[in-house]
Ligand SMILES: *[C@@H]1O[C@H](CO)[C@@H](O)[C@H](O)[C@H]1NC(C)=O
């Protein structure tokens, strides 16, 4: 059976904004691990050179990825539902920032041109990119976040005290001229030998938290086609990937990591 087609088409004039820039949104249906089907929102802003996607995980968490190509920043945000009967917050927001690499996701100009022939088609990733484990050892002060990426304020607004990144990414952004006063190195868990949050302990005590999320389907690469009418291969579609992330980070209080070890 052939996979459902996602095409790259010329941008329609109706989608062109005043500056001639395209902002586009596409909704696709994707198969989640465990078999359920979810609707995923894909967004592109080719003027701002950014793309985004949003998807609800099987456990109810709302996960989004924002890729700011101009500033080389990738934002993964999770809104995790709390269990109110256990005295937890309605939801908890987490924001993880890492350096964006060009091969992470398709460029904004290609994302803006994505169209689908059959909106009811349920999509499954063609390629599994596996699990990436990330140790987040830097806290980000959101009040100066605009210096890093203009998207931070809106995307991470609800995560004010839970915006994390890594020393190696900070080093890269500093080389790009980003002011580093918004970054604060966190003590590493080996230095402090802090317990994992899943273990029994004082609700108000600091611990090492783990959070895992999965992007079940996203357009990760461009596909090229050959035609007798054209001298060179041309972009004609996308290749889709699936990828999981496992984040480790320090929380000042165990109650900020209510899902324990693995959600
Ligand atoms: C974040 O930065 C603002 C403005 O520079 C400062 O007033 C505030 O104390 C900082 N917050 C933390 C938690 O360091």
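The values are calculated or read from the model by the stated rules, or taken from the named source; none is laboratory data. Only a predicted model underlies this, so the values are computations on that prediction, with no experimental measurement involved. Cβ coordinates were reconstructed from backbone atoms using ideal geometry, including for glycine residues, and neighbour counts include every protein chain displayed.
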Test result for residue 231, closer than 24 Å to residue 67 by Cβ, in a loop (DSSP other than H, G, I, E, B) and either at pLDDT 95 or above or more than 15 Å from the ligand (Cβ to nearest atom) (or both): no
Residue satisfying all of: in region 138-168; assigned to a strand (DSSP E or B) and more than 10 Å from the ligand (Cβ to nearest atom); surrounded by the fewest Cβ atoms within 10 Å (Cβ to Cβ) among these: 138
Residue within region 84-91 that is surrounded by 17 or more Cβ atoms within 10 Å (Cβ to Cβ), over 13 Å from the mean Cα position of the chain (by Cα) and not in a loop (DSSP other than H, G, I, E, B) present: no
Residue 69 being out of contact with any helix residue (DSSP H, G or I) (no Cβ under 7 Å at 6 or more places or on another chain) and at negative phi: no
Unmet criterion (only one of (1) within 16 Å of the ligand (Cβ to nearest atom); (2) touching a helix residue (DSSP H, G or I) at 6+ places or on another chain (Cβ under 7 Å); (3) more than 30 Å from residue 240 (Cβ to Cβ)) for residue 174: (1)
